[in-house]
Amino acid sequence: MSIHPTALVSPRAQLGANVTIGAYTIVEDNVVIGDNSTIGSHCELGHPSRLADGSPLQLGSGALVRSHSIFYEGSSFGDNLVTGHRVTVREGTRAGKNLQIGTLSDFQGHCEIGDYVRTHSNVHIGQHSKVGNFVWIFPYVVLTNDPHPPSDVMLGCEIGDYAIVATMSVVLPGVKVGQHALVAAHSNVARDVDAFTVVGGSPAKFLCPTEKIRLKDGTERPAYPWPSHFQRGYPPEIQQQLRDMFGA
Amino acid sequence: MSIHPTALVSPRAQLGANVTIGAYTIVEDNVVIGDNSTIGSHCELGHPSRLADGSPLQLGSGALVRSHSIFYEGSSFGDNLVTGHRVTVREGTRAGKNLQIGTLSDFQGHCEIGDYVRTHSNVHIGQHSKVGNFVWIFPYVVLTNDPHPPSDVMLGCEIGDYAIVATMSVVLPGVKVGQHALVAAHSNVARDVDAFTVVGGSPAKFLCPTEKIRLKDGTERPAYPWPSHFQRGYPPEIQQQLRDMFGA
Amino acid sequence: MSIHPTALVSPRAQLGANVTIGAYTIVEDNVVIGDNSTIGSHCELGHPSRLADGSPLQLGSGALVRSHSIFYEGSSFGDNLVTGHRVTVREGTRAGKNLQIGTLSDFQGHCEIGDYVRTHSNVHIGQHSKVGNFVWIFPYVVLTNDPHPPSDVMLGCEIGDYAIVATMSVVLPGVKVGQHALVAAHSNVARDVDAFTVVGGSPAKFLCPTEKIRLKDGTERPAYPWPSHFQRGYPPEIQQQLRDMFGA
C-alpha cells in the first residue's frame, strides 16, 4: 500500500492489497478498489451522487487510473481497467474487464460496456448506450440517446462486438451498429449498420463490405476482421484466442 | 462557511454566507461568490487576466461549480449557476441566471448568455457569441466567430430563445439561429436558420418545420416547442410558466 | 525562483533561473525547464513513460504552461512555449519555438511540430503528424494516422507552412495539406490539398483558390495569405518579417 501523504482517502473506502494512490487525489467513502491498482494524482474517486442509490464505485483488481480522472460512486468495472487522463465516469456505468478509456473521455453513466473495449481520447458515451465486447471507439465520437432533444425519451445506441467507430462520428439515438462493422471517420449514423459492412458520410451510407478493405502494409491482406492482424495490448491468452478465431 | 484546509483562498476574495470550498482549490483575489454556493475540489477561481480590466469574477448565490473547473476574473453569472467538471470560462462572459455548463465546456469569454441556458458536455462558445434564453447546446458544438481565420474580424453567432443545437454541429461566423429552431446533429450551419425550423447536414439545409417532429414516446404529440413536454430541472415557478406558455 | 510550498518538485528536475511553479503541481525527475518559465497550478510535468526511452521533458526558456496540464517525459519544445489549460502532451513530441497549444488539446506524441504554430482549444494531434511552421489548427480538429483502425500501420498527416485547418475537421491518414491551404470548418479531408487552395465538405472538395477570399472588414483586401493582415501575438521581429514577406 502506498498512499501519497497529500492524498485524502476516506477511512471508509475499501482498498485492496498493494494499492497506490497519487498526490492530491481524493477517495470518497463509497469506493472499493481491487488489489494491485494504481490511481494517479489529482483524481476524485467516488464523487457522491444521489443517482447512485448508495451503490459504490467498484474497481476490479489491476486498475490503472491516470491523473485528473473523476469517477462517481455507483459504477462497476471488471479487472484491469486502464484509463487515460481526465476521464469522467458518472454513476450507473457497468463495464466488463480490460476496459481502456482514453484521455478526456466522458461516460455519462447508466450504460453497459462489454469486455476488452477500448475508447481513444475524448469519446462521449451517452446514457443507455450498450457497447459490446472488443469494440473500438475513436476520438470525438458521440453515442447519443435523445431522438428529439431535450426530452425524457432515451433511446440508447448499440455497438456490436468487434465493431469500430472512427473519429468524429455521431451515432444517432437508437441506432444499432452490427458486429465487426466499421463506421468511417466524420460520419453521422442515422440508420442501423449491418454486420461486416463499412458506412460513411453525413448521413452515413453503405460503402462496401469490410472484407474489401486491404491492409496498407504492402501485404494486401484483409484489414478486417481486425483481430486477424492486430492483437497488441491484449492479454497473451486473449491474443491467442483472437488468432485462433480470426485466422491470423 | 466550510473551506477545506487544503484550499488556498485569498483573504481579498469576497465569500457570501454558507459557502463551501473543496480541497486543493484556489480562489484568487478578485472573486465574489454569492451565498450558499459550493465550489468543488481542484478548481481555480479568478485566474488573473490582463483582459479582464480589473473586473472580478462574480458568481451569484446558489452556485455549484464542480471539480477541476477554471474561471477567469472578469466574468459575471446570475444566481444558481451549475457546472460540470473541468469547465473553462474566460474573462468577459456575461451570463444570466440558472445557467448550466456541461463538463469540459470551454467558454472563450467576451460573450453574452441569457437565462436558463444549458450546455451539455464539451461545448465551445466562441467570443462574441450571443446566446438567448432557454437555449440548449449539446456535446461538441462549436459557436465560431472568425469568417477567415486567422483574422481580427470577429462575427459572433446568435442563438435565439429556446433554440436547440444538437451534438457535433458548427455554427459559422455571424450566423443567426432563430427562436425555437433545431439544428440537427453533425451539421455545419452556414446560413441563418428561421425560427421554428429544423436544419441539418453539411452544409445545413432546411429539413422541416419543428412542428412536424413527433415524440417517440407512443403519444405522437409534437416534440417542439420542447417546453410543452419537458420542464425537468427548472425551478418550480419556471416549470409552471413554461407549461402556461407552451400548453403542456 | 518561486516554487509554491504545495508543489512537489523532484530534486532531480533541472530548473532554470527565475522559474515559477504553481500550487499542487508535480514536477517529476526527468524534466528540464528553461529560464524565465512559469508553470501553473495542478500540473504534472515529466509523467514517466517507458516509451520515452529515458529522454527528458525539455521546455525552452520563457515557457508558460497553464494550469492542469500534463506533459510526459521524452518531448522537447523550443523557447516561448505557451499553453492553455489541461493540455496533454505525450512522449516523442518534437516542437519548435513559440508554439501555442490551446486548452484541452491532446498531442499523442511521436510527432513533429514546426515554429510559430498555434493550436486553438481541443485539437488532437495523432502520432506521426508533421506540422510545418506558422500553421493554425482550430478547435476539435483531429489529425489521424491509421488508415484502417485498429492496426499497426501509421500514416501521419502533413500540414504545410502557413496552412489553416478550421474547426471540427478531420485530416485522414497520410493526407498532405499544402502550404497556405485552408481547410474549411467541419470538413473530412481524404485527399491531398494543393497549396493556396480552399477545400471543404465531407468529403472535402476543392472550393476556390485562397486568393478569392476577401476580408469582411470593409476593405475587400485578400484574406490570404493571412500574414498579409494578421501578425498579432508574434514577436516584433517576426511581425516585421511577415509584413516584409507577404506585403502587408
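Scanning region C:187-196 for residues that are out of contact with any Pro (no Cβ under 7 Å at 6 or more places or on another chain) and either among the β-branched types (V, I, T) or not in a loop (DSSP other than H, G, I, E, B) (or both) gives C:V189, C:V193.
Residue under question is C:G160, and the condition is that it be in contact with a Lys or Arg (Cβ under 9 Å, 6 or more places away or on another chain) and small (G, A, S); does it hold? In short, yes.
Looking at (1) within 14 Å of chain B (Cβ to nearest Cβ); (2) assigned to a loop (DSSP other than H, G, I, E, B), which is the only condition A:V199 fails? Of the numbered conditions (1) within 14 Å of chain B (Cβ to nearest Cβ); (2) assigned to a loop (DSSP other than H, G, I, E, B), the odd one out for A:V199 is (2). Scanning region A:77-100 for residues being of a type in the set (D, E) and out of contact with any strand residue (DSSP E or B) (no Cβ under 6 Å at 6 or more places or on another chain) gives a total of 1. Here is a check on your reading of the model: is C:N80 farther than 25 Å from C:A181 by Cα, touching a Gly at 6+ places or on another chain (Cβ under 7 Å) and surrounded by fewer than 24 Cβ atoms within 10 Å (Cβ to Cβ)? So C:N80 fits the description; yes.
Only one of these conditions is not met by A:H229: (1) closer than 24 Å to A:V170 by Cβ; (2) out of contact with any Pro (no Cβ under 6 Å at 6 or more places or on another chain). Which number is it? (1) is the only condition that A:H229 fails. Regarding A:S67, is this residue of a type outside the set (D, E, K, R), surrounded by 24 or more Cβ atoms within 10 Å (Cβ to Cβ) and not in a strand (DSSP E or B)? Yes: the conditions hold for A:S67.
Based on this model, can you work out whether C:P209 counts as touching a strand residue (DSSP E or B) at 6+ places or on another chain (Cβ under 7 Å) and under 24 Å from C:N122 (Cα atoms)? In short, no. In region A:220-231, the residues that are without any contact (Cβ under 8 Å) to a residue 12 or more places away in the chain and on the phi > 0 side of the Ramachandran plot form Cβ pairs under 6 Å with partners that are part of a strand (DSSP E or B) and surrounded by fewer than 18 Cβ atoms within 10 Å (Cβ to Cβ), at six or more places apart or across chains, as follows: A:E220/A:R214. All of (1) facing chain B (nearest Cβ under 10 Å); (2) touching a residue at least 24 places away in the same chain (Cβ under 8 Å) hold for C:S187 with one exception: (2). For the residues A:Y162, A:Y224, the requirement of being more than 28 Å from B:L215 (Cα to Cα), among the aromatic types (F, W, Y) and in contact with a strand residue (DSSP E or B) (Cβ under 7 Å, 6 or more places away or on another chain) singles out A:Y224. Looking across region C:114-148, the residues that are of a type outside the set (A, V, I, L, M, F, W, C), within 7 Å of another protein chain (Cβ to nearest Cβ) and out of contact with any Leu (no Cβ under 8 Å at 6 or more places or on another chain) come down to C:P139, C:Y140.
Considering only residues of region C:202-248 that are of a type in the set (D, E, K, R) and part of a strand (DSSP E or B), which is farthest from the other protein chains (Cβ to nearest Cβ)? Top of the filtered list is C:K205.
Only one residue in A:R50, A:R12 is basic (K, R), without any contact (Cβ under 8 Å) to a residue 12 or more places away in the chain, farther than 23 Å from C:P48 by Cβ and not assigned by TED's automatic domain parsing to the domain that holds A:I238, so which one is that? Criteria check complete, one pass: A:R50.
Residues checked against (1) of a type in the set (D, E); (2) out of contact with any Cys (no Cβ under 9 Å at 6 or more places or on another chain); (3) over 21 Å from B:Q127 (Cβ atoms); (4) in a strand (DSSP E or B):
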| residue | (1), (2), (3), (4) |
| --- | --- |
| B:Y24 | no, no, yes, no |
| B:G46 | no, yes, no, yes |
| B:G62 | no, yes, yes, no |
| B:T103 | no, yes, yes, no |
| B:G109 | no, yes, no, no |
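Taken over region C:6-20, the residue count meeting the criterion of being surrounded by fewer than 19 Cβ atoms within 10 Å (Cβ to Cβ), part of a loop (DSSP other than H, G, I, E, B) and away from chain A (no Cβ under 14 Å) is 5.
The values are calculated or read from the model by the stated rules, or taken from the named source; none is laboratory data. Treat the numbers as computed from the prediction; the structure is a model and nothing was measured. When we count neighbours, we look across all protein chains shown, and the Cβ atoms used for this are built from the backbone with ideal geometry, even at glycine.
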